[in-house]
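Peer 1: Got a structure for you, questions after.
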Amino acid sequence: MRKIKALVDSDAGRVLLEKELVTLYENVQEFWVAEQAGEVLGCGALHVLWEDIAEVRTIAVAKQARGQGIGYALVGQLLDLAAELGLRRVFVLTFETSFFARHGFTEIDGTPVTQEVYDEMRRSVDPGVAEFLDLPFVKPNTLGNARMLLELDQRP
């Protein structure tokens, strides 16, 4: 997890949200890692939000490994996992809209859940869920990142 933390820290504040080491350990089972000769080249996580929807989180690729398809492959693995879990939709909050569009994600407004599910999800203590729900106490989105959604049955 320390190698993932170092990788995430290299982009934190610019294209990734900062993650505390304890948060990474709490979510270790969600992470997939691309490595070569023991070196972590990329990472990404799939966080199940509800019975039919998950979120792709923390996609990061080492600077020296960018442009080699590692991030694309990681997202593909996470989408495959979402399908295996029987999920129908995958959400992402991102600056990299063209990257995720290549996987079939489209920009959305609002939160793609019913009011009943929204009310249930408000009980979560996960700050990522609060961002997904766009709750008022979460820092306003002044950075320009986009909310995107993929219907897995429409995946290219």
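Rule-based calculations on the coordinates, nothing more; no lab input. Note that this is a predicted model, so its numbers are computed, not measured. As a convention, Cβ positions derive from the backbone with ideal geometry for all residues, glycine included, and neighbour counts pool all protein chains shown.
Peer 1: Could you tell me how many degrees, from 0 to 90 and to the nearest 10, lie between the Cα long axis of helix 70-84 and the main elongation axis, the longest principal axis, of the Cα atoms of the chain?
Peer 2: Tilt relative to the chain: about 40 degrees.
Peer 1: Could you list which residues have their amide H under 5 Å from that of Gly42, counting only those 5 or more apart in sequence or on another chain, with H placed in the peptide plane?
Peer 2: Under 5 Å from the amide H of Gly42 lie the amide H atoms of Ala34, Ala62, each far enough along the sequence or on another chain.
Peer 1: Next question. Provide the gained length on full extension for the span Glu35 to Asp52, in nm with one decimal, where the gain is 0.36 nm per separating residue minus the Cα-Cα distance.
Peer 2: 3.1 nm
Peer 1: Based solely on its DSSP helices, what 222 nm [θ] is calculated for the chain when runs of n ≥ 4 H residues each add -39,500 (n - 2.57) and the sum is averaged over all residues, nearest 500 deg cm²/dmol?
Peer 2: Calculated mean residue ellipticity at 222 nm is -8000 deg cm²/dmol.
Peer 1: Give the long-range amide H neighbours of Glu55: residues separated by 5 or more places, or on another chain, with amide H under 5 Å away, using H modelled in the peptide plane at 1.01 Å from N.
Peer 2: The list, which skips near neighbours in sequence, is His47, Val48, Leu49, Phe91.
Peer 1: Still on this structure, please answer the following. For the chain, what is the Kirkwood hydrodynamic radius in Å, using each pair of distinct C-alpha atoms?
Peer 2: 16.0 Å
Peer 1: Using R₀ = 41 Å, calculate the FRET efficiency as 1/(1 + (r/R₀)^6) where r is the Cβ-Cβ separation of Asp119 and Asp9; round to 0.05.
Peer 2: Given R0 = 41 Å and the Cβ-Cβ separation, E is 0.70.
Peer 1: With the cut-off at 1.5 for a/c, could you classify the range 62-103 from its C-alpha gyration tensor as rounded, prolate or oblate?
Peer 2: oblate
Peer 1: Which distance in nm do the two modelled labels at Gln64 and Ala101 give, with both placed 7 Å along the Cα-to-Cβ direction?
Peer 2: Simple spin-label model gives 3.3 nm for this pair.
Peer 1: Still on this model: Using 0.36 nm times the number of residues separating Leu81 and Asp153, minus their current alpha carbon distance, what extension gain do you get?
Peer 2: Gain in length upon complete extension: 24.6 nm.
Peer 1: Right, here's the next one. May I ask for the net charge around Val48, where only other residues with Cβ less than 9 Å from the Cβ of Val48 are counted and Lys, Arg are +1 while Asp, Glu are -1?
Peer 2: So the surrounding residues net to -3.
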